[in-house]
Amino acid sequence: MGVKSGPGSDPILTTMLDTALGWARKFSLFPLPYGTACCGIEYMAVVGSRYDVSRFGAEVVRFSPRQSDLLIVAGTISQKMAPVLKRIYDQMLEPKWVISMGVCASSGGFYDNYATLQGIDRIIPVDIYIPGCPPRPEAVLDALIMLMEKIEKGEDLAQRPSRVAQGQLPVIDGEAPSEEATRPRSHVKQH
Amino acid sequence: MTEPRNAGKLLQEKFSYLKEFDLATPFPGFFLPGDNLVEVARYLKEELSFDLLADLSCIDASELERTPRFEVLYNFYSLKERDRLFLKVGVDEAEKKCRVPSLCPLYATANWYEREVWDMFGVRFDGHPYLKRILMYEGFEGHPLRKDYDICHRQPLIPGAD
Ligand code: SF4
């Protein structure tokens, strides 16, 4: 970025489109909190007034994947929940990022058993991992700052297709929603 | 103030085949054959006011070197008398004999508990209206809380996610 000004004219700001977009994006993240366990409670502390994630422009949590660009997976993901998480990720629009909060989401944590997915990176790509059980809010804010730096550079987005091609990221097939999922819900009985 | 009743003693006087076991709790517990379960449970509910089936769980005793292999444990509570009582039914592991009569007709709470025990241990409950897995997903094979279920065995729903 630079500032140009000539005699008799207002100064103008020159920049590259990507840089401007990255700058705008990093300060207006719309997180989708995917809280499935105790880390979800800790995430609430991050959003609360004491740690106040709004200082970083990421306080407007959205519970719709279509309105969010940052998926924060906070909690244990069971094998049964894995297809749901994958579908939510698939429904989010590009550009999108994923933070894996806590050891459960990152690696299964101490739930090394029949029921638990051993890390969400087996089904979706992850940008930042936060260790801890649960991570302290400072760690979450730190991860957010790291992600903001990453977004500003914009490299990861440009690299993503080639990394998928090289097998470094899981292949996300955009499977079409099943007929059942798209059917209007009018047939559901009202109680 | 009247003396608190002794439900365990009352029960044992009525059904002589009950064998007391030590539960390391202040509450009485009895072993009984599965065939007599409904009869005893009905007496508990209707005569001794044990109106709540507070819990129903199962033990795979294969590593405790006890026979039979499974022990289904019933935890009854009386809201009126504030009294608790346990029953235990031994269940053989042979496929055909791995079954217990269901308590669903007596206690509504038995419905989900029995589904859980079926899901985790593979003990069938005769007369259950809807004996389906409750926690694990459809297509899951085996019963994960059995001691012979390989602890490293994964059955992911998304192929390759194990
Ligand atoms: S990492 Fe720890 S705090 Fe977070 S969901 Fe897992 S068990 Fe709970």
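The values are calculated or read from the model by the stated rules, or taken from the named source; none is laboratory data. Because the structure is a prediction, the values reported are computed rather than measured. Here the Cβ is made from the backbone with ideal geometry for all residues, glycine too, and neighbour counts use every protein chain on show. Side chains included, ligands, DNA and RNA excluded: accessible areas come from the protein's heavy atoms. Shrake-Rupley method; radii C 1.70, N 1.55, O 1.52, S 1.80 Å.
Taking the criterion of being out of contact with any Gly (no Cβ under 9 Å at 6 or more places or on another chain), over 18 Å from B:LEU32 (Cβ atoms) and assigned to a loop (DSSP other than H, G, I, E, B), the residues of the stretch B:96-122 that qualify are B:LYS96, B:ALA108, B:THR109. Can you confirm whether A:ALA45 is in a loop (DSSP other than H, G, I, E, B) and either away from the ligand (no atom under 16 Å from the Cβ) or away from chain B (no Cβ under 14 Å) (or both)? It is false that A:ALA45 is in a loop (DSSP other than H, G, I, E, B) and either away from the ligand (no atom under 16 Å from the Cβ) or away from chain B (no Cβ under 14 Å) (or both). Within the stretch B:146-156, not a single residue is polar (S, T, N, Q), more than 13 Å from every other protein chain (Cβ to nearest Cβ) and open to solvent by less than 90 Å² (accessible area, probe 1.4 Å).
Remark: pairs (first residue in the stretch A:124-138, part of a helix (DSSP H, G or I); second residue within 11 Å of the ligand (Cβ to nearest atom) and open to solvent by 10 Å² or more (accessible area, probe 1.4 Å); Cβ separation under 8 Å; 6+ apart in sequence or on different chains) = A:PRO137/A:GLU42.
Contact annotation: residue pairs with Cβ atoms under 7 Å, 6 or more positions apart or on different chains, pairing a residue in the stretch A:50-62 that is open to solvent by 40 Å² or more (accessible area, probe 1.4 Å) with a partner that is of a type in the set (Phe, Trp, Tyr) and in a loop (DSSP other than H, G, I, E, B), are A:VAL60/A:PHE30; A:ARG62/A:PHE30. Per the conditions (1) open to solvent by 30 Å² or more (accessible area, probe 1.4 Å); (2) at pLDDT 90 or above, the sole criterion not satisfied by A:PRO161 is (2). Taking the stretch B:118-136 as the range and being within 13 Å of chain A (Cβ to nearest Cβ), surrounded by 15 or more Cβ atoms within 10 Å (Cβ to Cβ) and in contact with a helix residue (DSSP H, G or I) (Cβ under 9 Å, 6 or more places away or on another chain) as the test, the residues that pass are B:ARG133, B:ILE134, B:MET136.
Yes or no: A:VAL84 in a helix (DSSP H, G or I), hydrophobic (A, V, I, L, M, F, W, C) and within 16 Å of the ligand (Cβ to nearest atom)? For A:VAL84, the condition - in a helix (DSSP H, G or I), hydrophobic (A, V, I, L, M, F, W, C) and within 16 Å of the ligand (Cβ to nearest atom) - is not met.
It is to be established whether one or more residues within the stretch A:22-37 are within 16 Å of the ligand (Cβ to nearest atom), touching a residue at least 12 places away in the same chain (Cβ under 8 Å), surrounded by fewer than 19 Cβ atoms within 10 Å (Cβ to Cβ) and of a type outside the set (Gly, Ala, Ser). There is at least one residue in the stretch A:22-37 that is within 16 Å of the ligand (Cβ to nearest atom), touching a residue at least 12 places away in the same chain (Cβ under 8 Å), surrounded by fewer than 19 Cβ atoms within 10 Å (Cβ to Cβ) and of a type outside the set (Gly, Ala, Ser).
Among the residues of the stretch A:110-142, those identified as open to solvent by 10 Å² or more (accessible area, probe 1.4 Å), more than 15 Å from the chain's Cα centre (by Cα) and among the hydrophobic types (A, V, I, L, M, F, W, C) are A:PHE110, A:ALA115, A:CYS133, A:ALA139.
The single condition among (1) touching a Cys at 6+ places or on another chain (Cβ under 7 Å); (2) assigned to a helix (DSSP H, G or I) that A:ASP90 does not satisfy is (1). For the stretch A:98-123, taking the residues that are part of a loop (DSSP other than H, G, I, E, B), within 14 Å of chain B (Cβ to nearest Cβ) and not aliphatic (A, V, I, L, M), the one that is farthest from the ligand (Cβ to nearest atom) is identified as A:TYR114. No other residue among B:SER78, B:SER16 is of a type in the set (Ser, Thr, Tyr) and in contact with a Ser or Thr (Cβ under 9 Å, 6 or more places away or on another chain) apart from B:SER78.
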